[in-house]
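Report on one structure; see the data block that follows.
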Amino acid sequence: MSAIGLKFAAPLLKRRHVLPGFRLSLGFTLFYLTSLVLIPLLALLLRPVSLGFDGFWHAIATPRVLASLRLSFGMAAAAAVIDSVFGLVIAWVLVRYRFPGKGLLDAVIDLPFALPTAVAGIALSSLYAPNGWVGKILIEYGIRIAYTPWGVLVAMIFISLPFTVRTVQPVLGELGQDVEEAAATLGATRLQTIAKVVLPMLVPAILTGAAMALARAAGEYGSIIFLAGNIPAVSEIAPLLIITKLEQYDYAGASAIGVVMLAASFVMLLALNGLQAWAAKRR
Amino acid sequence: MSKQFKNPTEDPLWLKLLLGAVALGFIAILLLLPLALVFKEAFADGVTTFINAIKEPDTLSAVKLSLIAAAIAVPLNTVFGIAAAWCIAKYDFRGKTILVTLIDLPFSVSPVVAGLIYVLVFGAQGWFGPWLVEHNIHILFALPGIVLATIFVTFPFVARVLIPLMVDLGRDEEEAAATLGATGLQTFLRVTLPNIKWGLMYGILLCNARALGEFGAVSVVSGHIRGVTNTMPLHVQLLYDNYDYAGAFAVAALLAMLALLTLALKSLLEWRYADELAASHRH
């Protein structure tokens, strides 16, 4: 580079940012984030401090609260596993097979994202009630979904499905088929190739989808309360118990459950970040 | 002979049929059946009954409130999304990863917890509660609370689409514009905006759908005052709990139509501007 060029470039290189607006955009971002998200979250996190450890523990360690947490997280884990299996199958069919109406089917996957949870709730409730379209059939086999813990599971499977499909689908789409061809040339059957070559490459995506599904399902409220029957210690989810306690002006009890749920969100967010870093390294 | 030329990466027919049937069956029962039920119930007694149910004054005021809340929350989150994406994509600074994680945080927080935190800040027993009462300012059980809860749950939508998109686009074009003497605003409007406009639309679309449909968070802060602080999804619950199924499913159908419209526009954007949106889907 000529001396003149350097002379002109020097001030540009010295300045940290060529583009204007750094302070404005970062300042607004931090202000908006802090005032609307971080400070309110802090208000929740600081509540147990005013309660004291004993008070906090007292608010959590009641059979009803523990049962609701167990139900929310237990069923969310089950829903995440079920959705991961079906999500993988759906992603496989959408990426690998060609059939008419594929675009429509692909669009429908996001229905649980787009449909308000209250609408999903009353629809699922009417569907699985003993006189509903599906409930009517199941009741003949002695299976009750509505107003039981299984209602919680069905609603969670519904709302979490898109996460598992949408995380696996793009990864599967970008996967080169050369390794599969190599496996086939080396004498592997199609099933061996899928199980030993393709699936291991999808593991990070499947786990990411499952974690997102779990996080969403554990915190879900709207679609579940219509279907679950909300019997305390049986089919009462943790978010509902927060609302119940708020309605009784039991702020301490509501906050204690809220803190546990928030802590679980943080853990899952960290797990997701870890998963993504791991997946990036593997790639 | 034909076996020799079989595509080695193609699944055998039985597997295709099996996986196709599982995927299709799961989607039909889990997603399509509830959707069909909503419309069947809403229009069971004809279109006139549906229209009359929507024309109820309380229903109309719920529609109006939902639209107002979304009309405030969505533009604010859009400005935030642009500011956040601008500073994250165009500059280097420390703590960027933490900032991105914090922006995503509201996604993993339960909607009920999102409502709870604002109760702890603005409620009667909250941080600013006594002060607000003294000055006769209503935040909870009024429009500001509903808007705050809506902002929280839709917080990351626009930012999340724009950040990866603008990171992928890089800084060269903007830096060239700045070097040629364009102001920050000119650079944004004439260089950046044309590149991100479809991504921006995509983010706003998803943000808007969630804002109109939010239930859990709004349910905590709204106070459920019929005709005053009931949004559309809350009104669905109120009607359903009062055994007004025709009314509940009429409003539900209205929301479901909105969801279908959102899905259609989303698919259109994804199909038409696949290349531009690709960046946001890889993350």
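Listed values, structure above:
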{"item": "Residue-averaged beta-carbon neighbours from other chains (10 angstrom radius) around B:179-192", "result": "2"}
{"item": "MRE, 222 nm, helices only [DSSP H, n ≥ 4, -39500 (n - 2.57), over the protein assembly as shown, to nearest 500]", "result": "-24000 deg cm²/dmol"}
{"item": "log10 of Debye I(q)/I(0), alpha-carbon scatterers only, for segment B:66-219 at 0.10 Å⁻¹", "result": "-0.44"}
{"item": "Kirkwood Rh (inverse of mean 1/r, distinct Cα pairs), segment B:196-258, angstrom", "result": "12.8"}
{"item": "Order of B:His235, B:His135, B:His224 - criterion: other Cβ atoms within 10 Å of each residue's Cβ, fewest first", "result": "B:His135, B:His224, B:His235"}
{"item": "Of the chymotrypsin sites (Phe, Trp or Tyr not before Pro) in segment A:153-253, those whose Cβ has at most 15 other Cβ within 10 Å and which sit in DSSP loop", "result": "A:Tyr249"}
{"item": "Loop-located trypsin sites (Lys or Arg not before Pro) in segment B:12-82, at most 12 other Cβ atoms within 10 Å (DSSP)", "result": "B:Lys55"}
{"item": "Average beta carbon contacts from partner chains per residue of B:194-202, 10 Å cutoff", "result": "0"}
{"item": "Percentage relative contact order, chain A, counting C-alpha pairs under 8 Å, at least six apart", "result": "29"}
{"item": "Mean Cα-pair separation over length for segment B:115-251, i.e. relative contact order, pairs under 8 Å, 6 or more apart, %", "result": "31"}
{"item": "Loop-located chymotrypsin sites (Phe, Trp or Tyr not before Pro) in segment A:112-156 whose Cβ has at most 14 other Cβ within 10 Å (DSSP)", "result": "A:Tyr141"}
{"item": "Karplus-derived 3J(HN,Hα), 6.51/-1.76/1.60, for each residue of segment B:233-242, Hz, glycine and proline x", "result": "x, 5, 5, 4, 5, 4, 5, 5, 5, 8"}
{"item": "Mean projected area in nm² (Cα convex hull; one quarter of hull surface) for chain B", "result": "23.0"}
{"item": "In order through segment B:197-205: 3J(HN,Hα) via Karplus (6.51 cos²θ - 1.76 cosθ + 1.60), integer Hz, x for Gly, Pro", "result": "4, 6, x, 4, 4, 4, x, 5, 4"}
{"item": "Inter-part distance where segment A:115-179 and segment B:59-75 are each reduced to a Cα centre, Å", "result": "29"}
{"item": "Cα point-scatterer Debye curve for the protein assembly as shown, base-10 log of I(q)/I(0) at q = 0.07, 0.10 Å⁻¹", "result": "-0.45, -0.89"}
{"item": "Residues A:Ser68, A:Ser35 arranged by fewest to most Cβ contacts within 10 Å", "result": "A:Ser35, A:Ser68"}
{"item": "Average other protein chain Cβ within 10 Å of Cβ, residues A:178-186", "result": "2"}
{"item": "Among A:50-59, B:74-83, B:109-118, the order from most to least packed when residues are scored by Cβ within 10 Å on average", "result": "B:109-118, B:74-83, A:50-59"}
{"item": "Kyte-Doolittle mean at least 0.5, axial Cα span of 27 Å or more - DSSP H helices of chain A", "result": "A:63-96, A:149-174, A:199-219, A:251-282"}
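Rule-based calculations on the coordinates, nothing more; no lab input. Being a predicted model, the structure only gives us computed values, none of them experimental. Virtual Cβ from ideal backbone geometry, glycine too; neighbours counted across all protein chains shown.
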